[in-house]
Amino acid sequence: MSGIQPHNAKPASVWNSGGGRYDEISRGIADSIEHCVLRLDPQPAEKILDLATGTGWTSRVVARRGARVTGADISGVLLAFATEQAKSEGLDITYREGDAESLPFADGEFDAVISTCGVMFASHPEAAASELARVCRKGGRIALTTWLSDGNVFKMFMVMKPYMPPPPTPAPPSPFDWGRTERVDELLGKDFDLAFEKGVSFYREPSAEAAWERFSNGYGPTKALATSLDDDRRSDLRQDFIAFHAQFPTPLGICVPREYWVTCGIRR
């Protein structure tokens, strides 16, 4: 697996498992992506990296602003979908397999870097933060969205946690640590002048059952977990997952408010 560090081979396989249907997950956070792109304010001809691009939703939004976009991700399967989707929309976007902790780009190569609920899932956050700073030119910009450390996406993961194997000792850092501005400042504050803005993404489905179908088929962590379980445990996970989403009923289906931070930074 060229360019992907050995300890990230398993995470890559997890994200690969969602396949092209991961794009449906991105549809569910499209409002937060638009928010982040708005704050990044990409300009025509700027060279911009979309880090942990997945199926490329954010890269396509940025490219429509006229920027020259590169999307990087550890998932070759998601990148293949992103490449075909960009081509079908007539967008000139370069996609490369890239490990957020060891990126295949030169120092200061990009005018700006964006990552929408992506870099927060890097196994080694300090390494990923260092790479973010390295590939962004002096005076350049970053824009990130990261789920709050106690919000509804975190709570959804807590629904899945009892079905996961026990973590190694010591436990790896939680991706939701990026949902605290103090932690983001620890990771990035030495290289960027940072500012934060809170937002709410609204995840809508016809029903709680539809949320399960969406995530168990298209979201790598949920799909990989469901696939690993026997029939009884998978049925229990399904019931718990549906029950969680059923807490957010509307007259038309469900609507789950999911809070996040937008972090913007200027490279020193």
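Every number in this text was worked out from the coordinates using simple rules, so none of it is lab data. Values in this document were obtained by computation on a predicted structure and should not be read as measured data. Please note: Cβ atoms are built from the backbone with ideal geometry, for glycine as well, and neighbour counts cover all protein chains shown.
Taken over the stretch 27-40, the criterion of being assigned to a helix (DSSP H, G or I) and either more than 13 Å from the chain's Cα centre (by Cα) or buried (at least 21 other Cβ atoms within 10 Å of the Cβ) (or both) is satisfied by Asp31, Ser32, Ile33, Glu34, His35, Cys36, Val37, Leu38, Arg39, Leu40.
When the stretch 1-20 is examined, which residues are found to be part of a helix (DSSP H, G or I), of a type outside the set (S, T, N, Q) and crowded, with 17+ Cβ neighbours inside 10 Å? If you could, list the steps in order and put the result at the bottom.
Residues of the stretch 1-20 that are part of a helix (DSSP H, G or I), as a first pass: 6-16, 19-20.
Going one step further and asking which of them are of a type outside the set (S, T, N, Q), we end up with 6-7, 9-12, 14-15, 19-20.
Passing the criteria: Pro11, Ala12, Val14, Trp15, Gly19.
For the stretch 123-147, the set of residues classified as of a type outside the set (A, V, I, L, M, F, W, C) and out of contact with any Cys (no Cβ under 8 Å at 6 or more places or on another chain) consists of Ser123, His124, Pro125, Glu126, Ser130, Glu131, Arg134, Arg137, Lys138, Gly139, Gly140, listed by residue number. Within the stretch 204-236, the residues that satisfy the criterion of being part of a helix (DSSP H, G or I) and free of Cβ contacts under 8 Å to residues at least 12 places away in the same chain are Glu213, Ser228, Asp231, Asp232, Arg234, Ser235. Picking from residues in the stretch 77-136 that are surrounded by fewer than 17 Cβ atoms within 10 Å (Cβ to Cβ) and in contact with a strand residue (DSSP E or B) (Cβ under 6 Å, 6 or more places away or on another chain), the one that is nearest to Ser13 (Cα to Cα) is Arg96.
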